[in-house]
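Remarks on the structure that follows.
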Amino acid sequence: MNERFRGCLVGLALGDSLGAAFEGMPPGDYEPSCKAPLFYTDDTEMMLNLSESIIERGEVVPEDLARHFIEGLNPQRGYGYGTLRVLSLIRSGVPIERATSMVFREGSKGNGASMRVAPVGLLYWFDRERIVEAATRASTVTHTHPVAIDGAVAIALSVGMILQGSSREQIPGEIIKYMKTNLMRGKIDALMGLLERGCSREEVIRLLGNGVLTEESVPTAIYCFLRYGDDFMRAIGFSISLGGDADTISAMTGALCGAWLSRGSLPPECVERLEDRERIISNADGLYELSEAIYRDFSKHGE
Ligand code: AR6
Ligand code: MG
């Protein structure tokens, strides 16, 4: 189990840093390479900040999470415009709920809440209701649009189901039950259809998307995992070949594949070159320890 926690966070960071070179590119046959050092972007930075806030507080505490996001922010990492703006408003004293609606009136529906949320699926892997609740809380610090929340819930639940031992085929049919928006229900339904019949890269882009919005990237990443999840580099290679928001789609794909495969099955020549890998692994271990304690309590009280 501990190795799955490590695989999930290392997989996320690998997907992110391997995809970073291809962000904004048109679709193409790109080869992700581990020959040079692998530097991560905002996706991994926010995942680390979220993990560290959870480990310190034992749960998702929005004010503390905002503080970690603000203090841990390196503006060179390629943050979305809305996320930077919201965090800067919060830093200047605007309450979180006001800050999020000042940038996009209905809240951001960028994929920023989904790309960082994997630690929540790890922490509460044994309890779907808790995953949904905590993923929502972890999103709304920056992303309050219902589609962004659905995306974060979908990724966190997928991580949780992998740890529960669900088969890959079971995952989309379960997560669709937790989607509150028709848009995300429709996209997850579409990805199930594509898995059944097999399809080209162009169809994946046309029907699921490769963009920065939640609905254009979360279903795509889940699809990449479900189709190629047994082979980490193949899954990441496919998600990168879609172009567009390649780092974030690969980060989400990588988190799911890593949880599925465990750290030991990730390519060692890539893990070796990953920036901050000790910090990433130590966060996975901290989450594992906390999760074990919560799980013991959960089993004892038969909640
Ligand atoms: N209406 C219209 N456009 C929107 C809306 C909305 N309600 N919400 C978001 N957008 P943002 P993120 C568009 O800025 O989600 C990094 O590269 C808008 O163009 O909240 O954290 C990461 O690696 C907005 O700028 O940031 C990810 O790829 C964009 O969606 C990504 O950015 C992103 O939303 C994460 O971005
Ligand atoms: Mg990024």
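What follows is calculated from the coordinates using simple rules that are stated; it is not laboratory data. Values in this document were obtained by computation on a predicted structure and should not be read as measured data. Here the Cβ is made from the backbone with ideal geometry for all residues, glycine too, and neighbour counts use every protein chain on show.
3J(HN,Hα) along region 207-220: 8, 10, x, 9, x, 8, 6, 3, 5, 9, 9, 5, x, 4 Hz, from the Karplus curve 6.51 cos²θ - 1.76 cosθ + 1.60 with θ = phi - 60°, whole Hz, x for Gly and Pro.
Derived scalar couplings between HN and Hα for region 169-176 equal 5, 6, 4, x, x, 7, 5, 4 Hz in order, rounded to whole Hz, by the Karplus curve 6.51 cos²θ - 1.76 cosθ + 1.60 (θ = phi - 60°), x for Gly and Pro.
Mind pulling the per residue volume of the convex hull built on the Cα atoms of region 181-222? Å³ is fine. Don't skip to the end; give the middle numbers.
Details: hull volume 2.4 nm³, N = 42.
About 56 Å³ per residue, rounded to a whole number.
Think of the chain as having a plus end and a minus end, set by charges on the Cβ of Lys, Arg, Asp and Glu; of LEU18, GLY264, THR214, THR214 sits farthest toward the positive end of this dipole.
In region 224-303, Rg over Rh equals 1.08, where Rg is the alpha-carbon radius of gyration and Rh the Kirkwood radius from pairwise Cα distances.
Taking amide H positions as modeled 1.01 Å from N, with prolines and chain starts lacking one, the residues under 5 Å from LEU38 and 5 or more places away or on another chain are LEU274, GLU275.
Of the trypsin sites (Lys or Arg not before Pro) found in region 68-129, those in coil by DSSP whose Cβ has at most 13 other Cβ atoms within 10 Å are ARG105. Taking the convex hull of the alpha carbon positions in region 157-233 and averaging its projected area over all directions gives 5.2 nm².
In order along region 27-36, phi translates into HN-Hα couplings of x, x, 7, 8, 10, x, 10, 10, 7, 10 Hz, rounded to whole numbers, per the Karplus curve 6.51 cos²θ - 1.76 cosθ + 1.60 with θ = phi - 60° and x for Gly and Pro. Projected over all directions and averaged, the alpha-carbon convex hull of the chain occupies 13.9 nm². Peptides 37-47, 150-160, ordered by how many other C-beta atoms sit within 10 Å of their residues on average, highest first, read 150-160, 37-47.
Inter-part distance, region 39-68 to region 246-303, computed on C-alpha centroids, equals 14 Å.
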